[in-house]
Amino acid sequence: MIPVRALRDCLDGVIPGVVSTCAADGTPNVAYMSQGQYLDDGHLALSYQFFNRTHQNLLANPRVTLGLIHPKTAQQYRLHLVYERTETRGPVFESMKAKLAGIASHTGMSGVFRLLGSDIYRIERVEVVPGSTLPAPSPLVDPLLALRTCMARLPTSPDAESLLDALLDGLQTHFAIEHALVMMLDPRRDRLYTVASRGYATSGVGSEIHVGEGVIGVAARERTPIRISHVTSEYAYGLAMREGAERQGMGDLLETEIPFPGLVSPGSQLAVPIPGAHEPLGVLFVESPTEMRFTHAEEDALVALATQVGGLFRLFLAELELGDEAQPGVAREPRPQGPPLRVRHYAANDSVFLGDDYLIKGVAGNILWTLLQDHQALGRTHFSNRELRADPRVRLPDQSDNLEARLVLLHRRLAEREACVRLEKTGRGRFRLLVARPLELEDMDTGA
Amino acid sequence: MPTAPSLLLDPELTRFLTGGLSINAGSASAAGVPSLCRAFGCRVAPDAGRLKLFFAAPQAVDLVRDATRSGALAVVFSEPPTHRTIQIKGEDARLEALTDGDLACVTAYRAAFAQCLVFLGFTEGMVRTLLDCPDEALVGLSFTPSALFNSTPGAQAGTPLTSAPPPPRAPGGP
């Protein structure tokens with residue numbers, strides 16, 4: 001019998017499988033399959049993209065012989081399958097569709113590869129084809145051990161920001177994953193925004209992509225992990241986004257003001273949704289310049305990690321609901337001295353500029369504007385996450401919004417820009433606004 | 001002697017089929033169970049109009065049994081970098097001893113296929129291992145093409161490229 005791990009490696013699409021079928025009159029047919037998916041010990045699914053001879057044959061004769069080659073050892077297998085049914089909806093179909101979309105967008109076959117259905121087969125018998133093989137390379141890391149070690153640190157994180165740090169540090173230390181980032185979902189705008197990253201020249205915190213765009217966007221939309229083993233450089237995010245920006249007008253320049261930090265020539269990519277109660281909270285994305293870098297076992301491990309991160313995020317949010325009120329009676333801090341800095345807020349997209357420098361937009365922009373207004377008018381410097389959640393000026397999309405992630409984004413952007421305004425954590429769900437210069441606040445298009 | 005279906009095997013197609021392509025052949029048992037095996041090269045006999053494919057005998061037990069029983073054979077030739085794929089079917093497959101030049105053909109095929117896949121990022125060792133087989137274990141299956149299909153991925157896949165004359169039965173075949 002073929003070990004499950006070997007079968008999953010074979011189905012990864014690195015070397016296309018070959019499907020042999022037979023018509024009612026005995027005429028054989030041989031075809032390549034684009035994508036296969038392991039389901040369980042007794043079943044697998046193959047992509048159905050065109051109503052071709054293979055499909056005609058298996059409606060008349062459900063027996064199929066599938067030839068597979070292990071991408072590392074060159075061991076050949078033959079799986080004797082019996083076609084059971086075609087699924088056109090549900091988790092198997094959605095998962096294969098998302099992966100195929102990723103494969104297609106990365107092989108220039110977007111117009112050609114479209115999933116009509118997932119053909120589900122029962123595995124009757126597996127044949128190990130006699131022939132020479134290479135020794136299986138020992139994996140760089142033991143994913144189960146790496147998962148255990150990495151997971152141990154996550155629950156000790158006191159807040160969202162240190163949780164993300166623990167996750168990305170753990171991936172680096174225990175999985176030897178050098179390029180990783182976390183994007184959070186902004187459900188109102190159907191965008192994902194970067195809150196933390198490792199291994200890039202610039203952090204890219206604040207950069208955005210649309211839900212459905214590329215492997216990260218499709219993983220978020222379809223709520224399924226997507227792992228690509230061969231990535232063509234022409235579809236790398238950085239380049240695609242830059243070119244997109246060139247095509248678009250001034251109005252969208254802000255979109256790419258903070259460039260996406262992805263590798264210019266990635267070889268492998270893996271995007272794993274961070275599950276929320278309903279919609280995903282975000283996506284954990286890792287990549288490598290090396291092709292075939294991420295295994296099925298690492299995908300398993302990252303799915304487990306992302307699930308834990310999602311759970312902890314929701315715990316932080318729940319704690320906020322019960323958390324402390326803003327601390328009254330905090331002594332007013334002295335007003336800063338020196339030449340004032342002009343701070344502009346554009347209501348059209350809630351963007352905030354410090355002097356002439358763009359800082360941030362969207363909900364994080366509103367949060368900052370709200371804090372600065374209260375600082376200016378009331379001299380306040382101490383705030384709580386809970387009060388911000390309830391503040392109508394912040395305009396959170398809804399009560400379940402991931403305010404924590406937006407504060408992480410704002411905190412990091414201010415720190416990276418070395419701005420004269422900073423946020424400093426003072427306790428669970430509480431923080432202090434540090435203003436080093438007098439500010440002149442200007443609302444640019446109120447009521448526009 | 002059967003007439004060569006020259007329409008099917010023009011020089012460009014002959015060059016394509018004998019290059020460094022991925023080649024897989026299928027047949028089926030009397031009970032309709034499909035068989036399948038990877039080939040180690042293809043040779044075209046222009047005078048007879050027949051294609052000859054080479055296999056590692058231990059890998060091709062089911063295929064040889066099924067193809068020699070029914071004569072039915074389907075062979076897919078695919079060029080990995082371009083996805084260009086051709087399927088050729090025949091109804092008169094038979095086992096054929098290796099003759100002069102066959103081993104040289106297999107050797108040239110291994111080199112061409114390895115070169116093609118190394119260009120795509122696979123190691124030469126990987127491709128050589130896949131195509132490894134002692135000379136004495138090689139077997140040949142030959143057949144006359146009776147139908148030719150464009151199997152390049154896409155909606156047009158499966159389109160007959162041309163229809164062949166009725167397949168000439170090889171007189172005195174095994």
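Give me the residue from the range A:1-36 that is open to solvent by 20 Å² or more (accessible area, probe 1.4 Å), modelled with pLDDT of 90 or more and over 22 Å from A:ARG85 (Cβ atoms) and, out of that set, farthest from the other protein chains (Cβ to nearest Cβ).
A:ASP25
For the range A:372-428, how many residues meet the condition of being part of a loop (DSSP other than H, G, I, E, B) and open to solvent by 20 Å² or more (accessible area, probe 1.4 Å)?
The number of residues fulfilling the criteria is 12.
Within the range A:154-168, is there a residue that is modelled with pLDDT of 95 or more, within 14 Å of chain B (Cβ to nearest Cβ) and buried (at least 20 other Cβ atoms within 10 Å of the Cβ)?
No, the conditions are met nowhere in the range A:154-168.
Among the residues of the range A:37-69, write down those that are open to solvent by 10 Å² or more (accessible area, probe 1.4 Å) and under 28 Å from the mean Cα position of the chain (by Cα).
The answer is A:GLN37, A:TYR38, A:LEU39, A:ASP40, A:SER47, A:TYR48, A:GLN49.
Could you grab me the full set of residues in the range A:135-180 that are over 30 Å from A:ARG395 (Cα atoms), part of a loop (DSSP other than H, G, I, E, B) and not acidic (Asp, Glu)?
If the condition is that a residue be over 30 Å from A:ARG395 (Cα atoms), part of a loop (DSSP other than H, G, I, E, B) and not acidic (Asp, Glu), then A:PRO135, A:ALA136, A:PRO137, A:SER138, A:PRO139, A:LEU140, A:VAL141, A:ALA176, A:ILE177 are the ones that fit.
Are any of the residues in the range B:102-110 of a type outside the set (Val, Ile, Thr), modelled with pLDDT of 90 or more, under 17 Å from the mean Cα position of the chain (by Cα) and outside any helix (DSSP H, G or I)?
no
Return yes when A:ASP374 is among the charged types (D, E, K, R), under 15 Å from A:MET444 (Cα atoms) and outside the structural domain of A:ASP186 (by TED's automatic domain parsing) and no when it is not.
no
Could you list, in sequence order, all residues of the range A:41-62 that are outside any loop (DSSP other than H, G, I, E, B) and in contact with a Cys (Cβ under 7 Å, 6 or more places away or on another chain)?
Once the filter is applied, which keeps residues that are outside any loop (DSSP other than H, G, I, E, B) and in contact with a Cys (Cβ under 7 Å, 6 or more places away or on another chain), the range A:41-62 yields only A:ASN57.
Could you look through the range B:6-64, keep only residues that are more than 14 Å from every other protein chain (Cβ to nearest Cβ) and among the acidic types (Asp, Glu), and pick out the one that is most open to solvent (accessible area, probe 1.4 Å)?
Looking at residues that are more than 14 Å from every other protein chain (Cβ to nearest Cβ) and among the acidic types (Asp, Glu), I get B:ASP47.
Would you pick out the residues in the range A:181-205 that are in contact with a strand residue (DSSP E or B) (Cβ under 8 Å, 6 or more places away or on another chain) and either more than 30 Å from A:ARG395 (Cα to Cα) or not in a strand (DSSP E or B) (or both)?
Matches in the range A:181-205: A:ASP190, A:ARG198, A:GLY199, A:TYR200, A:SER203, A:GLY204, A:VAL205.
Residue by residue through the range A:203-249, note down the ones that are modelled with pLDDT of 90 or more, in contact with a Lys or Arg (Cβ under 8 Å, 6 or more places away or on another chain) and at positive phi.
Hit for the range A:203-249 is A:GLY206, nothing else.
The values are calculated or read from the model by the stated rules, or taken from the named source; none is laboratory data. In this text, all values refer to a predicted model and were calculated from it rather than measured experimentally. As a convention, Cβ positions derive from the backbone with ideal geometry for all residues, glycine included, and neighbour counts pool all protein chains shown. Note: accessible area is taken over every heavy atom of the protein model, side chains too, but ligands, DNA and RNA are not part of it. Shrake-Rupley method; radii C 1.70, N 1.55, O 1.52, S 1.80 Å.
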